[in-house]
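Here's the structure, in structure tokens; my notes come after.
The values are calculated or read from the model by the stated rules, or taken from the named source; none is laboratory data. Everything numeric here is computed off the predicted structure, so don't read it as measured data. Here the Cβ positions follow ideal geometry from the backbone for every residue, glycine too, while neighbour counts run over all protein chains shown.
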Amino acid sequence: MILWNYLNESGLIPHNKLTKVVSKGWPTGEYKDCDTFNTKREADQPFLVCDRISGDTEKVFKVRFYGQTYKEGKPETMVIHWKCRKNDKSDPAMTCERRKAANE
């Protein structure tokens with residue numbers, strides 16, 4: 001169990017989740033910096049913001065996360081940063097790797 005927790009914390013174990021995504025024009029293969037908030041709701045269905053443009057609609061995609069979308073004991077105002085890639089006609093539609101912040 002300790003090994004599993006370490007691998008999971010390190011972002012080596014992928015988690016596929018249905019995710020609400022806000023992004024403007026995202027060509028296949030392109031990378032974007034995206035953010036989620038550390039809320040319990042985000043643990044089940046993350047809300048991934050990849051462009052900070054108001055008025056965009058959100059769409060739901062299956063996203064493969066390498067890293068946890070929720071950290072117990074951390075404030076819900078904490079922003080979790082991701083580097084995400086739009087996949088080519090595959091499942092999941094996107095792959096995101098967690099980028100650790102300096103204060104974690």
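Residue pairs whose Cβ atoms lie under 6 Å apart, sitting 6 or more positions apart in sequence or on different chains, and linking a residue in segment 21-40 that is without any contact (Cβ under 8 Å) to a residue 24 or more places away in the chain and of a type in the set (A, V, I, L, M, F, W, C) to a partner that is in a loop (DSSP other than H, G, I, E, B) and crowded, with 17+ Cβ neighbours inside 10 Å, do not occur here.
Matching residues to (1) part of a strand (DSSP E or B); (2) among the acidic types (D, E); (3) under 18 Å from E97 (Cα atoms):
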| residue | (1), (2), (3) |
| --- | --- |
| N16 | yes, no, yes |
| V21 | yes, no, yes |
| K24 | no, no, no |
| D35 | yes, yes, yes |
| A43 | no, no, yes |
| D51 | no, yes, yes |
| K71 | no, no, yes |
| E76 | no, yes, no |
| W82 | yes, no, yes |
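One residue alone among R52, R85, R41 is among the basic types (K, R) and either closer than 16 Å to P14 by Cα or at pLDDT 90 or above (or both), and that residue is R85. Filtering segment 60-104 down to residues that are in contact with a Pro (Cβ under 9 Å, 6 or more places away or on another chain) and of a type in the set (S, T, Y), which residue is nearest to L48 (Cα to Cα)? This residue is T69.
In segment 88-104, of all residues being under 14 Å from D35 (Cα atoms) and not in a strand (DSSP E or B), the one that is modelled with the highest pLDDT corresponds to K100.
Whether a residue is crowded, with 16+ Cβ neighbours inside 10 Å, under 23 Å from E9 (Cα atoms), touching a Leu at 6+ places or on another chain (Cβ under 7 Å) and of a type outside the set (D, E) was assessed, and T36 passes this test.
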